[in-house]
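The values are calculated or read from the model by the stated rules, or taken from the named source; none is laboratory data. Remember, it's a predicted structure, so these values are computed and weren't measured experimentally. When we count neighbours, we look across all protein chains shown, and the Cβ atoms used for this are built from the backbone with ideal geometry, even at glycine.
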Amino acid sequence: MRFGGLLANHDVTFDIYPGEIVGLIGPNGAGKTTLFNCISGFLRPTAGTVLFKGENITGLKPHQICHRGLARTFQITQPLRDMTVLENVMVGTFCRHPLTSQAHAKAVEILKLTGMWEKRHQMGSELTIPDRKRLEIARALGTEPDLLILDEAMAGLNPTEIHDAIELVKTIQAQGITFFIIEHVMEAIMPIADRIVVLDAGRLIAEGPPSEIVRNERVIEAYLGEGRHVKRKEHSS
Ligand SMILES: Nc1ncnc2c1ncn2[C@@H]1O[C@H](COP(=O)(O)OP(=O)(O)OP(=O)(O)O)[C@@H](O)[C@H]1O
Ligand SMILES: [Mg+2]
């Protein structure tokens with residue numbers, strides 16, 4: 001993906017297999033969100049191919065990709081502010097259930113699974129950051145994806161909330177859903193990921209199991225090299 005003179009993603013080739021949890025890490029500005037945008041149809045890549053379940057989905061619209069079973073959350077959370085939590089999730093469930101009664105029933109199931117049931121009548125605009133993050137996952141899950149891609153679903157959460165978010169990912173994975181997760185919180189992603197993909201300055205610099213990635217010299221250099229910082233900025237307000 002090229003933005004004028006900037007190559008935001010270059011030579012990024014990797015696979016995700018059914019049932020896996022794959023983590024995507026890299027310093028700020030490495031190109032992680034851009035890669036998600038290319039995969040989920042929010043950007044049309046300037047070169048290269050995205051294959052999903054063996055089919056070429058490059059350049060399809062986000063809703064077409066969603067219908068094929070690939071759903072995403074946003075780094076900057078995007079609740080529909082004037083709708084309740086229940087209605088927000090139904091925006092997702094209408095993807096597969098055109099009848100309101102069925103969309104409602106599916107949304108109820110997902111609200112219970114994601115721990116948002118008690119908050120179903122709150123407006124999107126009233127939610128705290130942890131609830132906004134959770135609603136992102138619930139709404140995406142409402143589209144009944146095979147692959148769920150999460151963009152920093154745990155940023156800005158405290159340790160208890162991170163623990164709960166990890167448990168939620170494991171619960172969803174147990175239902176047969178595959179995950180691709182951008183995460184800066186290493187304590188969150190390393191224990192649950194089967195594999196980690198690392199981007200730095202738009203390039204894929206490493207790929208492998210977490211135990212190898214934490215010892216990889218290029219990865220350590222990318223995070224700790226001269227002029228770099230591991231500070232996090234919170235995008236979620
Ligand atoms: N729509 C765009 N137009 C121009 N440049 C862009 C656009 N989107 C992203 N970029 C640039 O591409 C590079 C990668 O940005 P991206 O948001 O993908 O990084 P990231 O890895 O998600 O970073 P962070 O960890 O801060 O979220 C950055 O230099 C960014 O400024
Ligand atoms: Mg990002």
**Item:** Scope the range 10-40; condition more than 10 Å from ligand 1 (Cβ to nearest atom) and among the aromatic types (F, W, Y); matching residues
**Value:** F14, Y17
**Asked** of a type outside the set (F, W, Y), within 12 Å of ligand 1 (Cβ to nearest atom) and either in a helix (DSSP H, G or I) or surrounded by 12 or more Cβ atoms within 10 Å (Cβ to Cβ) (or both), is that true of L43?
**Response** yes
**Prompt:** Of the residues G48, G115, which is small (G, A, S), more than 16 Å from ligand 1 (Cβ to nearest atom) and part of a loop (DSSP other than H, G, I, E, B)?
**Reply:** G115
**Asked** In the range 1-48, which residues are polar (S, T, N, Q) and closer than 17 Å to G202 by Cβ?
**Response** N9, T13, N28, T33, T34, N37, T46
**Asked** Would you pick out the residues in the range 195-212 that are in a strand (DSSP E or B) and under 20 Å from F179 (Cα atoms)?
**Response** R195, I196, V197, V198, L199, L204, A206, E207, G208
**Item:** Output for the range 5-20, where each listed residue is surrounded by fewer than 10 Cβ atoms within 10 Å (Cβ to Cβ) and either free of Cβ contacts under 8 Å to residues at least 40 places away in the same chain or within 16 Å of ligand 2 (Cβ to nearest atom) (or both)
**Value:** G5
**Prompt:** Has the range 124-135 got at least one residue that is without any contact (Cβ under 8 Å) to a residue 12 or more places away in the chain and outside any helix (DSSP H, G or I)?
**Reply:** yes
**Request:** Pull up the range 161-185, narrow it to residues that are assigned to a loop (DSSP other than H, G, I, E, B) and either of a type in the set (G, A, S) or in contact (Cβ under 8 Å) with a residue 60 or more places away in the chain (or both), then point me to the one that is farthest from A140 (Cα to Cα).
**Result:** H184
**Request:** Take the range 74-104 and flag every residue that is at pLDDT below 95 and among the hydroxyl-bearing types (S, T, Y).
**Result:** T77
**Asked** Does any residue in the range 21-49 that is basic (K, R) come within less than 6 Å, Cβ to Cβ, of a residue that is within 13 Å of ligand 2 (Cβ to nearest atom) six or more places away or on a different chain, and which pairs are these?
**Response** K32/L24; K32/G26; K32/I182; K32/L199
**Request:** Only residues that are within 16 Å of ligand 1 (Cβ to nearest atom), under 16 Å from T143 (Cβ atoms) and surrounded by 15 or more Cβ atoms within 10 Å (Cβ to Cβ): list them for the range 68-112, please.
**Result:** R72, T73, F74
**Asked** Quick one: what pairs do we get from the range 144-156, first residue in a loop (DSSP other than H, G, I, E, B), second within 13 Å of ligand 1 (Cβ to nearest atom) and among the basic types (K, R), C-beta under 8 Å, 6+ apart or different chains?
**Response** A155/R232
**Message:** Given the criterion modelled with pLDDT of 95 or more and either of a type outside the set (S, T, N, Q) or surrounded by 15 or more Cβ atoms within 10 Å (Cβ to Cβ) (or both), identify the matching residue among I149, I129.
**Reply:** I149
